[in-house]
Amino acid sequence: MFKKGILAALILISAAGASAQRRQVMLDKVVAVVGGSSILYSEVDEYARQLVEQRRQEGYTSDRDPMNEALEGLMTQKLLYNQAQIDSVEIDQGGILTSVENQVQQMVDLEGSISKLEAKHHMPIFTLREILRQRYEEQAYASRMQEEVINKVSVIPGEVERFYKSIPKDSLPLIADQYVYAQITKFPKSMKEAKQRTRERLLDMRERVITGKARFESLARMYSQDGTAIRGGEMDPTPLSGLDEAFGRALEGLKPGQISEVVESQFGFHIIQLLDKRGQLYHFRHILLHPVFTSDELSETLTQLDSIADLIHKDSITFEKAALLYSDDASSKMNGGLVSNHEVLERYMPDAKMTVTKFLKEDFGHFNRLPDYNALIQLEPGEVSGAFLTEDMLSNQMGKIVKLVEVIPAHTASLNEDYLRLEEMALHDKQERAFREWLSKKIDGMYVYIDPEFRDGEFENKHWVK
């Protein structure tokens, strides 16, 4: 056993060493071209190593050569990128810059300093940033192009039923435990005071910028609670129609260089600086703050919720009636506090078809609901939790109590009980088939060159080798 382990390790080390030497020799060798984009041997090698590591971490093996799998994946990305350019697909450039800055900062933190990072990669940091920007941009265009293709696909009930019946009974998916629950939420009574404190903080920042004591972008980096903080609060040029109504009205009234008064939007409180306006596009910076409460204010809220829970435990009031009378959550209080994905759909997925009230464990990882799960797993059906602190979808602090209504045990999927889950699976299956068909047609119509060294490799899509 020990000899076998050592031998395997030696083979691995030798292969890594040979691969490293080969990469040095073949660093700039082009092994494939798709449209106007070339693929280097070093890119394929790097991606193949990532695939091998991914397989190891996920505990599965594959008979497929990782180099060929990596090459096909990169060729697919290049084709999507080129087609996105042809179709004039738009992407969020601001999100790309944020991702680049986040990764650069992680790399700097890992190495200990910018100079050490530059020494390791043998290039100045601005060159590294540009390489990362190009990678993220290409990936963003490719992802957006793929979305353009698959988002046109839909399924009807008959297709869902046929998909379900096509699955062998012993291969039907297992649906994990699902939770049905209700909630009562309370924001601190001092919300008015907290909002005023937030306004005063922003007014102070505004004054510091106007008087030249601070730079807007520096304050944004230090204090803004928006994802744009890392870029000094700067947003890509955006039409007013893509902004919160109150935010847009304030922005529309500014001249370049001007800073707005404090604006309250659905996301919190802002000050905005207009940088430039070109046609209907507004280029601006902003600082976002959420109301923050003192520990005493939060404790008072929890005490109030615990009092409500105590009344429910004593049968002085039902949970449903308490939700109607006391809950601050408008989307659930009229339905006995029953939690659904209604608010998520309304805000982020307006075209979604149906509201669900059954949540898998992984569903709680979205939109600040993990504290709900941690409370629910301590309960039996019908029990009510103690009060706990959490945040709403917009990261505003609040208190909450929850009632576990039902736990639907893990079971084999059935058409009647799990239609929405099966609909999602049927849609995914149809989207995959539609994308493969689209990809084959685009490969046939686009210039593709593959180095002879790789032409005899295994490709899932046989259209690559012409």
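A short reminder: the numbers here are calculations on the coordinates, not readings from a lab. Nothing here was measured: the structure is a model prediction, and the numbers come from that model. Quick reminder, even Gly has a Cβ in these numbers, built from the backbone with ideal geometry, and neighbours come from all protein chains shown.
On a 0 to 90 degree scale, rounded to 10, what angle separates helix 191-210 from the longest Cα axis of the chain?
60
For K195, list the lysines whose Cα falls under 21 Å from its own Cα; do not include residues on the same chain fewer than 8 positions away.
K186, K400
Taking loop as defined by DSSP and a crowding limit of 11 other beta carbons within 10 Å, which trypsin sites (Lys or Arg not before Pro) in region 200-245 fit?
K213
Would you please state the base-10 log of I(q)/I(0) at q = 0.17, 0.19 1/Å for region 201-289, with intensities from the Debye formula using one equal scatterer on every alpha carbon?
One equal scatterer on each Cα of region 201-289 leads to -0.61, -0.78.
If R0 is 41 Å, what FRET efficiency do you get for E460 and E90 from their C-beta distance, rounded to 0.05?
E between E460 and E90, to the nearest 0.05, is 0.90.
Of all GluC sites (Glu not before Pro) in region 60-113, which ones are in loop regions per DSSP and have a Cβ with at most 15 other Cβ atoms within 10 Å?
Listed in order of number, the matching sites are E90.
Kindly flag which residue pairs out of K442/K462; K189/K358; K165/K430; K192/K255; K29/K442 have an alpha-carbon separation exceeding 22 Å in this structure. Walk me through the numbers before you get to the answer.
Details: K442/K462 13 Å; K189/K358 31 Å; K165/K430 15 Å; K192/K255 31 Å; K29/K442 25 Å.
Table pairs above 22 Å Cα-Cα are K189/K358; K192/K255; K29/K442.
Return the distance in nm (one decimal) between the two label points of a simple spin-label model at K189 and Q103, each offset 7 Å from Cα along Cα→Cβ.
Label at K189, label at Q103, 5.1 nm between them.
Starting from the Cα gyration tensor of region 355-446, take the square roots of the eigenvalues, sort them a ≥ b ≥ c, and report rounded, prolate or oblate (rounded when a/c is under 1.5, otherwise prolate if a/b is larger than b/c, else oblate).
Oblate shape, in that a/c is at least 1.5 and b/c is the bigger or equal ratio.
Report, by chain and number, residues whose modeled amide H sits under 5 Å from the one on L275, excluding near sequence neighbours (fewer than 5 apart, same chain).
Amide H to amide H, under 5 Å and 5 or more residues apart or across chains, L275 pairs with G257, H283, F284, R285.
Taking the structure as given and computing Kirkwood radius over Cα pairs in Å, which label from [x] 27.1; [y] 23.8; [z] 24.3 fits?
Step by step, Kirkwood radius over Cα pairs in Å for this structure corresponds to label [x].
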